[in-house]
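These notes are about the structure you will find just below.
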Amino acid sequence: MKIANEKVYKRQRRHRRVRSRVVGTSERPRMCVFRSARHIYAQIIDDTEGRTIAAASSLRARPVSTEKTDEKSPAAGKKMVLAREVGKLIAEAAKQKGISKVSFDRGGYLYHGRVAALAEEARKHGLEF
């Protein structure tokens, strides 16, 4: 079988494997992350009802500052700042809906870089996972 894009195929396989274990309920919905080359998206999903409760993305996020604060820090780029902003926005949206605990679905991505930055910022602003 010829695969058009092997990296995408492997990520989709990892995502299916993660999704077989991570399920969102009404008490503890699933926070799903999608990362593209330019943007990052997060959704809080109730899988029992099949509906999205809250969503945030870097399309609408406006970072406070995109300047590099520390030249030695690899986590000071524009995409990292946007990922942190999305983490903050998704946590605030969840609080408004009365959600404090979620299951984290990393979407087949490594828990590293922008995905980790989003998760840490969401934790910092009150989400538990």
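The values are calculated or read from the model by the stated rules, or taken from the named source; none is laboratory data. Worth saying up front: this structure is predicted, and the values here are computed from it rather than measured. Every residue, glycine among them, receives a Cβ derived from its backbone with ideal geometry; neighbour counts consider all protein chains shown. Ligands, DNA and RNA are excluded from the accessible area calculation, which covers all protein heavy atoms including side chains. Shrake-Rupley method; radii C 1.70, N 1.55, O 1.52, S 1.80 Å.
Numerical summary
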read-out: Search result, residues across the range 39-53 that are open to solvent by 10 Å² or more (accessible area, probe 1.4 Å) and in contact with a Leu (Cβ under 9 Å, 6 or more places away or on another chain); value: His39, Tyr41
read-out: Residue list for the range 91-116, filter: touching a helix residue (DSSP H, G or I) at 6+ places or on another chain (Cβ under 6 Å), part of a helix (DSSP H, G or I) and open to solvent by less than 10 Å² (accessible area, probe 1.4 Å); value: Ala91
read-out: Sole exception among (1) more than 11 Å from the chain's Cα centre (by Cα); (2) modelled with pLDDT of 95 or more for Val86, by number; value: (1)
read-out: Unique residue being among the aromatic types (Phe, Trp, Tyr), modelled with pLDDT of 95 or more and either in contact with a Phe, Trp or Tyr (Cβ under 9 Å, 6 or more places away or on another chain) or farther than 19 Å from Lys124 by Cβ (or both) when the list is Tyr9, Tyr41; value: Tyr41
read-out: Residue that is open to solvent by less than 30 Å² (accessible area, probe 1.4 Å), modelled with pLDDT of 85 or more and polar (S, T, N, Q), where the choices are Ser57, Ser20; value: Ser57
read-out: Of residues in the range 23-38 being assigned to a loop (DSSP other than H, G, I, E, B) and within 17 Å of the chain's Cα centre (by Cα), the one surrounded by the fewest Cβ atoms within 10 Å (Cβ to Cβ); value: Ala37
read-out: Among (1) over 19 Å from Arg60 (Cα atoms); (2) surrounded by 21 or more Cβ atoms within 10 Å (Cβ to Cβ); (3) of a type in the set (D, E, K, R) - the single one Lys124 does not satisfy; value: (2)
